[in-house]
Amino acid sequence: MIKLNHQNAPLFEALLTYVNNETIPFHVPGHKKGVGMDQQFREFIGTNAMAIDVTVFEQVDSLHHPSGPIAEAQKLAADAFHADHTFFCVHGTSGALHAMILSVLREGEKIIVPRNVHKSVTTGLALIGAIPVYIQPEIDSMTGTALNVTPETIEKALQEHPDARGVFVINPTYFGVAADLEAIATLVHEHDIPLMVDEAHGPHLSFHQDLPMSAMEAGADICAQSTHKIIGSLTQSSMLHVREGRVDHRRVQAALNLLHTTSPSYILLASLDVARRQMMTEGFQLLENIQSLSHQARERVNAIDGFRCFGSENNGKPGFYGFDPAKLTITCRDLGISGHQLEGLLSREYHIQPELSDLYNVLCTLSIGNTQEQIDALINALGSISQSYRHNRIPSSSGTDIVIMPPIPTQKLSPREAMHCDTFLLPLWESIGKISAEFLMVYPPGIPLLCPGELISEELVLYIETQREAGLWIQGTEDPEVKHIRVVQTLEEEPDGK
Ligand SMILES: Cc1ncc(COP(=O)(O)O)c(C=O)c1O
């Protein structure tokens, strides 16, 4: 329930008071309100930004031990994002996910995680020495992209691993596909363990009822959001939300204190404070606008020869419970060009920069900052590209082949054990029977085929070679051509290639 005054922005206001008092800065940072900074950079960035680039003192509070304006700003954020406690993060959602893992799990404990988690989750698990139990998300056969996980997949994993200490879900995915989080929360809580959610792409969800339900509203116990990705805070600024009960907020603060810099940027922190205020005061209308822009954009993309753009018509399919319309996945395989080529064309020839591309798709992320003119420019560029490449066009039926993933390999070592071992390089074909020290992914769908600590099988190497021959991208190893892979050195081995 909303109870506080969201017109206030206590941290930003404390910084403005510091500036208006013309406080004399005998504190770091060294540029002292921009005076000691390179002139061209200062003039470009502006002296206002420099004036609030301060450090920890009582008037502006401490991120590690908040008791003043940061504490108040975090309390307002908790109220806005339906949490009991909210923590501001200046290391992005990557840092927030590390803190989440550190505050929930202990060394040797198991966690159920989708195979396509962000690398910060795997590195977080490696830091603490937790054991991932991987589950596969569903895959869309047309775009080749990973969808979300189903409650059934999670239920099966919980039955097979009743000793798991947490379940981790991504909501929504990079491509905007939401999971049935309410059903998942019920299942997870039947085992009395926390539901942990990576909502990097969903900081806007709770501010409009037509969007998929946010993790905190669906019953998650802890959730990290990249406020900077979709709503109005600055790059690197994220939030970590906690529901008291299965997660102890004191452990979360302790984990953040372990990981955070002691010199957090107050520009980033203040941008989180005002992003919350903006969402609480004008969020509904801003999100209404962006939804109508994105619905219109999706229809116009689908009307262009050679392009497709999926949306909420898929709601209800396995792994596709809901959809965030702000994500435009432009599938170009019918036009006979790769997503990578399309991204290059848009960027070089039209100065339009998408978020990412893979073999079949280009992902454009819309947010409250996009305009009708920008959508028009994108549609016009796609129209021209369609005209130029339509001779390449291939029958649309070819866009429905099924991506079959090989089974998840046997885990021999935890990610941490694998990372701490001595390793050596081997040609891929000679690595069969060894333990991988690296990731290996095929794009699409970009789901790891192999993670550190897992056994390399002949079946897997054959699969990789087949995918390579089919023109898919193999990535993840130190060797950019993925002809070699780094493997764990066991006691008996005296390698040549170390
Ligand atoms: C699903 C997902 N989780 C976490 C992250 C990390 O977020 P950040 O860039 O805020 O560190 C990303 C980044 O793209 C992501 O896509």
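No lab work stands behind these numbers, since they all come straight from the coordinates. Computed from a prediction, not measured in an experiment: that's the story for all the values here. Every residue, glycine among them, receives a Cβ derived from its backbone with ideal geometry; neighbour counts consider all protein chains shown.
Computed quantities for the displayed model
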{"read-out": "Proxy reagent accessibility, fewest Cβ within 10 Å first, across Ser367, Ser338", "value": "Ser367, Ser338"}
{"read-out": "Sequence-distant lysines (8 or more away, or on other chains) whose Cα lies within less than 25 Å of Lys156", "value": "Lys110, Lys119, Lys317, Lys412"}
{"read-out": "Cα-only radius of gyration and Dmax that characterise the chain, units Å", "value": "23.8, 70"}
{"read-out": "Amide H partners (placed H, <5 Å) of Trp473, local residues excluded", "value": "Tyr443"}
{"read-out": "Sequence-distant aspartates and glutamates (8 or more away, or on other chains) whose Cα lies within less than 16 Å of Lys229", "value": "Asp198, Glu199, Asp273, Asp324, Glu355"}
{"read-out": "Burial ranking of peptide ranges 19-30, 265-276 (average Cβ count within 10 Å, highest at the top)", "value": "265-276, 19-30"}
{"read-out": "Net lengthening on full extension, Cys421/Asn289 (0.36 nm per residue, minus Cα-Cα)", "value": "42.3 nm"}
{"read-out": "Assigned charges on the beta-carbon of Lys, Arg, Asp, Glu; region 65-111 dipole about Cα centre (debye)", "value": "100 debye"}
{"read-out": "The chain: calculated mean residue ellipticity at 222 nm from DSSP helix runs of at least 4, using -39500 (n - 2.57)", "value": "-11000 deg cm²/dmol"}
{"read-out": "Efficiency of FRET between Glu469 and Thr410 - r from beta-carbon atoms, R0 22 angstrom, step 0.05", "value": "0.30"}
{"read-out": "Partner lysines for Lys75 [C-alpha distance under 17 Å; skip if fewer than 8 residues away on the same chain]", "value": "Lys3"}
{"read-out": "Virtual paramagnetic centre 7 Å along Cα→Cβ of Thr261, amide N under 12 Å, in region 10-42", "value": "29-30"}
{"read-out": "Residues Asp192, Asp221, sorted so that the one with the fewest Cβ neighbours within 10 Å comes first", "value": "Asp192, Asp221"}
{"read-out": "Extension gain from Glu182 to Gln159, taking 0.36 nm per residue of separation minus the Cα-Cα distance", "value": "6.4 nm"}
{"read-out": "Long-range amide H partners of Leu450 with built H, under 5 Å", "value": "Leu440"}
